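This report refers to the structure that appears directly beneath it.
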Amino acid sequence: MTQIILETFILAPLQLCFDYARDIGLHCETLKETRERAIGGTTSGRINLGESVTFEGKHLGLRRQLTAKITEMEAPHRFVDEMVAGSFKSLKHIHEFEETTHNAQSGTLMRDTLQWQAPFGPLGTLADIFLLRRHLRKILTQRNKRLKALLERQITGLK
């Protein structure tokens, strides 16, 4: 199983970060380059425990669909979504939030742990090494950067 862990400090309250991270519309907005859109299940608002969503987007040159279900939730500190249908053998995304201080400023540390297994055995392993890991890190990093900017604009009142 391959894993990426990203930590993002956000100058915003814990609850707001937790809520924004579960917002389907913001998910799509922060992944513009993949043309992500929600096409099934919970397609708008904040997703909750036991609910699922199907996203469609363009990844690695192909239009793909992935259905994820929220399998754990400990508001406002943690939620987990797991793939129930899609291109991977398995995929699990753990979202964690904790109040913290960074450079003397109070905010929220958002930690994303993305774990997956590529399909297709040895071919999938090669794709993972040469394509998937880099692609997933890039889109998760971009998403977090955009989410941070949206949250911090909200807090400072800038539009």
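The values are calculated or read from the model by the stated rules, or taken from the named source; none is laboratory data. Since we're looking at a predicted model, the values are computed, not measured. A quick note on method: Cβ atoms are made from the backbone with ideal geometry, for glycine too, and the neighbour counts reach across all protein chains shown.
Annotation: THR100 fulfils all but one of (1) more than 21 Å from LEU6 (Cβ to Cβ); (2) hydroxyl-bearing (Ser, Thr, Tyr); (3) touching a Ser or Thr at 6+ places or on another chain (Cβ under 9 Å); the unmet one is (1). The criterion of at least 1 residues that are at pLDDT below 95 is met, among strands (runs of 3 or more DSSP E) falling completely within segment 1-113, by 2-10, 52-59, 62-74, 90-102.
To keep it simple, each residue is scored yes or no on (1) without any contact (Cβ under 8 Å) to a residue 24 or more places away in the chain; (2) touching a strand residue (DSSP E or B) at 6+ places or on another chain (Cβ under 6 Å); (3) surrounded by fewer than 17 Cβ atoms within 10 Å (Cβ to Cβ); (4) among the hydroxyl-bearing types (Ser, Thr, Tyr).
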{"position": "SER52", "(1), (2), (3), (4)": "no, yes, no, yes"}
{"position": "ARG64", "(1), (2), (3), (4)": "yes, no, yes, no"}
{"position": "ALA68", "(1), (2), (3), (4)": "no, yes, no, no"}
{"position": "MET73", "(1), (2), (3), (4)": "no, yes, no, no"}
{"position": "VAL80", "(1), (2), (3), (4)": "yes, yes, no, no"}
{"position": "LYS89", "(1), (2), (3), (4)": "no, yes, yes, no"}
{"position": "ILE94", "(1), (2), (3), (4)": "yes, yes, no, no"}
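Checking each residue of segment 125-147 against the condition of being under 23 Å from GLU29 (Cβ atoms), in contact (Cβ under 8 Å) with a residue 24 or more places away in the chain and assigned to a strand (DSSP E or B) gives no match.
Consider segment 124-142. How many of its residues are of a type in the set (Ser, Thr, Tyr) and under 15 Å from the mean Cα position of the chain (by Cα)?
Initially, segment 124-142 is screened for residues of a type in the set (Ser, Thr, Tyr), giving 125, 141.
From what's left, under 15 Å from the mean Cα position of the chain (by Cα): 141.
Residues in segment 124-142 being of a type in the set (Ser, Thr, Tyr) and under 15 Å from the mean Cα position of the chain (by Cα): 1 in total.
Which residues, counting only those in segment 114-124, are on the phi > 0 side of the Ramachandran plot and either in contact with a strand residue (DSSP E or B) (Cβ under 6 Å, 6 or more places away or on another chain) or not in a helix (DSSP H, G or I) (or both)?
Filtering segment 114-124 down to residues on the phi > 0 side of the Ramachandran plot leaves 120-121.
PHE120 - this is the single residue of segment 114-124 that is on the phi > 0 side of the Ramachandran plot and either in contact with a strand residue (DSSP E or B) (Cβ under 6 Å, 6 or more places away or on another chain) or not in a helix (DSSP H, G or I) (or both).
Return yes when GLU82 is within 13 Å of the chain's Cα centre (by Cα) and more than 18 Å from ILE10 (Cβ to Cβ) and no when it is not. Please lay out each step first, then the result.
Details: within 13 Å of the chain's Cα centre (by Cα): yes; more than 18 Å from ILE10 (Cβ to Cβ): yes.
Considered against the rule, which asks whether it is within 13 Å of the chain's Cα centre (by Cα) and more than 18 Å from ILE10 (Cβ to Cβ), GLU82 comes out as yes.
Output the number of the condition that ALA118 fails; it satisfies all remaining conditions of (1) within 22 Å of GLU7 (Cα to Cα); (2) touching a residue at least 60 places away in the same chain (Cβ under 8 Å). Single failed check for ALA118: (1).
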